[in-house]
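Trainee: Below: one structure in structure tokens.
The values are calculated or read from the model by the stated rules, or taken from the named source; none is laboratory data. Source: prediction; values computed, not measured. Because the Cβ atoms are built from the backbone with ideal geometry, glycine has one as well, and the counts that use them run over all protein chains shown.
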Amino acid sequence: MMLAFLISLLLWQGDTLGPAGLGMTESIPGEATAVIPSEATAVIPSEASVSQEFDMDEYLYGHVVDAYDWHITTVNGKHISVPLLIIARSKTTGWHVFSSGKLAHGHEYEGFYILHDQESHRDRLMEHTPSGDVRPLDISITKNVAGLMFNSLVLVLLVLFGVKWYRKHDAREEAPGGFSGLLEMLVMMVEDDIIKPCIGPDYKRYSPYLLTAFFFIFVNNLLGIVPFFPGGANITGNIAITFMMAMFTFLAVNLFGNKHYYKDIFWPEVPLFLKAIPLMPLIEIIGLFTKPFSLMVRLFANILAGHMMILGVVSVVFLTAELGPAMNGGLSAIAVLFGVFMDVLELLVAFLQAYIFTMLSSVFIGLSRQHPEEEKAEK
Amino acid sequence: MSLITPDFGLLFWMTLIFGIVFFILAKFGFPVLTDMVRKRQERIEKSLVDAREIEARMAQWKEEQAHLLEATRKEQSQMLQEATQTKARIVADAKAQAQAEADKILAEAKLQIAAEKESALRDVRREVALLSVQVAEKVLRHELSDEGSQRAFIDQLVDEANQAPLHNKN
């Protein structure tokens, strides 16, 4: 998948360097994040030639980075988006809670405004203060937070719905069918194929966390592929989310590690000169952090790359708009076919990344629960 | 750089939301399912063991049944044999007894016949004696008219009387 990521990056860079990509729109700070395809096509004659150019940068980033409102679509140059909640704490004036609709189109409200950063293509909530513009403590319900809430609700409801069967039936006498059966199959697959073999005898203690992690990632991945509201938020492709996921695994590994695990870190079984100058312990301690780091980057990069690939493929339709109807039509057909392929691929990736995250977390937890005596006994 | 810079607000919300999701699912979600499935697995394993045990017991029963059947058959044949023997013995006994009875009856009959014969002979003899006495009376009445012949006859009678007891004893 890293390869796919690289390819998508290349694709995207190649496009930005091309004639279409160079024509960046002059967006004022606080304007909507995404310049939507319909603007780029020549549908609206009133628009100047500048906006006829398809802004690849804005298009790509607008879809994958976080935003203060949830942009759904643009009809005839009019943005349709769901305003979300701005929650910010100013150092001077305290807490502020208001709708993000009040900040649309660069408006200022209670001293706050949204700064659109050209460099990072990221909107930032800023506050006017006498000593200059500062960034307040910002815990706004952004697009990703709203998506996260929605997806989590979906996840919780689905699981509780699936589990309801077990409260009504005696599972010792019968096995569930339908959705509960599907859920049972998935849960038992994760538990029997990943958690049990990777962790060993203590697996029951970690099973709820790992199952939650698996389904959390899986559901967020899947809903991330859904192209319309309320899906499509790039949640598992956001570094903050994967950072926290990796952090939870890091905590699960290191808070409950046993003495063998810590001995392996600080006093591993290597020749003395490797420990006297604490070379091996140093490497082990670095390894402590590279493990969750790899978890974080792997999930983030894979999902982000998937989103970018799909966006890149779809953008072919708009990029080729000026090449004439025949060219555009032909390339669009290819783009649609390729888009279908990418979507199906992303379905696989959605499952695969959840699987890999869970498996690696299990392996890391298993390492922290090792029983060297038993292993020796087995040999 | 925003793509790879974690946002504080998102970190905060992620921690909160994941915490809540984890709490709900770990308390009311997955353990319910996994526990039930584990129980079912245990039950299935137990059922398998039970089935195996029952199978073994069935085999044992079958064997016992076969043994029993064989024993019964043996007993039956033995009983039949005994019955045959008893029958033969009874028949033989009956035959012997009948033979003895018959012999006894025959012997008794012979004796009786002999006795009958004797008594009949005696009767005949008596009749004959009476007849002879009557005949002799008549003869005597006729012949004893003269003295000489009377004497002679008396002598003869005396002689005969002397010899008669010897005859009778024979």
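Trainee: Suppose the filter is within 14 Å of another protein chain (Cβ to nearest Cβ), in contact with a Pro (Cβ under 8 Å, 6 or more places away or on another chain), without any contact (Cβ under 8 Å) to a residue 60 or more places away in the chain and assigned to a helix (DSSP H, G or I); does B:Leu16 pass it?
Mentor: no
Trainee: I would also like to ask the following. Is there any pair linking a residue in segment A:100-124 that is away from chain B (no Cβ under 14 Å) and at positive phi to one that is in a strand (DSSP E or B) and buried (at least 16 other Cβ atoms within 10 Å of the Cβ), with Cβ under 6 Å and at least six apart or on different chains, and which?
Mentor: Close Cβ pairs (under 6 Å, with a partner that is in a strand (DSSP E or B) and buried (at least 16 other Cβ atoms within 10 Å of the Cβ)) amount to A:Glu110/A:His96; A:Gly111/A:Glu127.
Trainee: Could you list, in sequence order, the residues of segment A:127-145 that are more than 9 Å from chain B (Cβ to nearest Cβ) and crowded, with 21+ Cβ neighbours inside 10 Å?
Mentor: Matches in segment A:127-145: A:Glu127, A:Pro136, A:Lys143.
Trainee: Being within 27 Å of A:Phe218 (Cβ to Cβ), hydrophobic (A, V, I, L, M, F, W, C), crowded, with 16+ Cβ neighbours inside 10 Å and assigned by TED's automatic domain parsing to the domain that holds A:Pro292: is that true of A:Phe318 here?
Mentor: No; evaluated as a whole, the condition is false for this residue.
Trainee: On to the next question. When A:Met308 is evaluated against the numbered criteria (1) surrounded by fewer than 21 Cβ atoms within 10 Å (Cβ to Cβ); (2) touching a residue at least 60 places away in the same chain (Cβ under 8 Å), which criterion, by number, is the only one it fails?
Mentor: The one condition A:Met308 does not meet is (1).
Trainee: Quick check, is A:Val154 in the same structural domain as A:Thr249 (by TED's automatic domain parsing), of a type outside the set (S, T, N, Q) and closer than 13 Å to B:Leu33 by Cβ?
Mentor: No, not satisfied.
Trainee: Based on this model, can you work out whether B:Leu80 counts as more than 7 Å from every other protein chain (Cβ to nearest Cβ) and closer than 30 Å to A:Arg122 by Cβ?
Mentor: Criteria not met by B:Leu80.
Trainee: Do any residues in segment A:338-351 that are farther than 16 Å from A:Ile303 by Cβ have Cβ atoms under 7 Å from those of residues that are assigned to a helix (DSSP H, G or I), where the two are at least six apart or on different chains, and which pairs are they?
Mentor: Cβ pairs passing all conditions: A:Phe338/A:Val313; A:Gly339/A:Ile310; A:Gly339/A:Val313; A:Gly339/A:Val314.
Trainee: Give me the pairs: first residue in segment A:202-222 and within 7 Å of chain B (Cβ to nearest Cβ), second residue surrounded by fewer than 22 Cβ atoms within 10 Å (Cβ to Cβ) and among the basic types (Lys, Arg), beta-carbon distance under 9 Å, and six or more apart or on different chains, which are they?
Mentor: A:Ser207/A:Lys196; A:Pro208/B:Lys27
Trainee: With respect to A:Val134, determine if the residue is touching a helix residue (DSSP H, G or I) at 6+ places or on another chain (Cβ under 6 Å) and among the β-branched types (Val, Ile, Thr).
Mentor: When the stated conditions are applied, A:Val134 does not pass them.
Trainee: Can you name the condition, by its number, that A:Cys198 falls short on among (1) under 19 Å from B:Phe28 (Cβ atoms); (2) surrounded by 14 or more Cβ atoms within 10 Å (Cβ to Cβ); (3) not hydroxyl-bearing (Ser, Thr, Tyr)?
Mentor: Looking at each condition in turn, A:Cys198 falls short on (1).
Trainee: Quick one: count up the residues across segment B:20-55 that are among the small types (Gly, Ala, Ser) and either more than 9 Å from chain A (Cβ to nearest Cβ) or in a loop (DSSP other than H, G, I, E, B) (or both).
Mentor: Residues that pass the stated criteria total 2.
Trainee: Output the number of the condition that A:Asn76 fails; it satisfies all remaining conditions of (1) surrounded by fewer than 19 Cβ atoms within 10 Å (Cβ to Cβ); (2) within 26 Å of the chain's Cα centre (by Cα).
Mentor: (2)
Trainee: Let me ask something additional. Here is a list: B:Leu25, B:Leu48, B:Leu11, B:Leu3. Which entry is more than 17 Å from A:Ile141 (Cβ to Cβ), touching a helix residue (DSSP H, G or I) at 6+ places or on another chain (Cβ under 8 Å) and surrounded by fewer than 19 Cβ atoms within 10 Å (Cβ to Cβ)?
Mentor: Just one listed residue meets the conditions, B:Leu3.
Trainee: Give the residue, chosen from A:Phe243, A:Phe250, A:Phe273, A:Phe228, that is more than 14 Å from chain B (Cβ to nearest Cβ) and either part of a helix (DSSP H, G or I) or surrounded by 13 or more Cβ atoms within 10 Å (Cβ to Cβ) (or both).
Mentor: Result of the check over A:Phe243, A:Phe250, A:Phe273, A:Phe228: A:Phe273.
Trainee: Does segment B:85-93 contain at least one residue that is assigned to a helix (DSSP H, G or I), under 30 Å from A:Glu173 (Cβ atoms) and among the hydroxyl-bearing types (Ser, Thr, Tyr)?
Mentor: The initial filter retains those residues of segment B:85-93 that are assigned to a helix (DSSP H, G or I), namely B:85-93.
Adding the requirement that they be under 30 Å from A:Glu173 (Cβ atoms) leaves none.
Checked against the condition, which is being assigned to a helix (DSSP H, G or I), under 30 Å from A:Glu173 (Cβ atoms) and among the hydroxyl-bearing types (Ser, Thr, Tyr), segment B:85-93 yields no hits at all.
Trainee: Here's something else I'd like to know. Considering only residues that are surrounded by fewer than 17 Cβ atoms within 10 Å (Cβ to Cβ) and either within 20 Å of A:Asn238 (Cβ to Cβ) or more than 9 Å from chain B (Cβ to nearest Cβ) (or both), which ones fall in segment A:151-163?
Mentor: Result: A:Leu153, A:Val154, A:Leu157, A:Leu158, A:Phe161.
Trainee: Within segment A:164-182, restricting attention to residues that are more than 7 Å from chain B (Cβ to nearest Cβ) and closer than 23 Å to A:Ala213 by Cβ, which residue is surrounded by the most Cβ atoms within 10 Å (Cβ to Cβ)?
Mentor: A:Ser180
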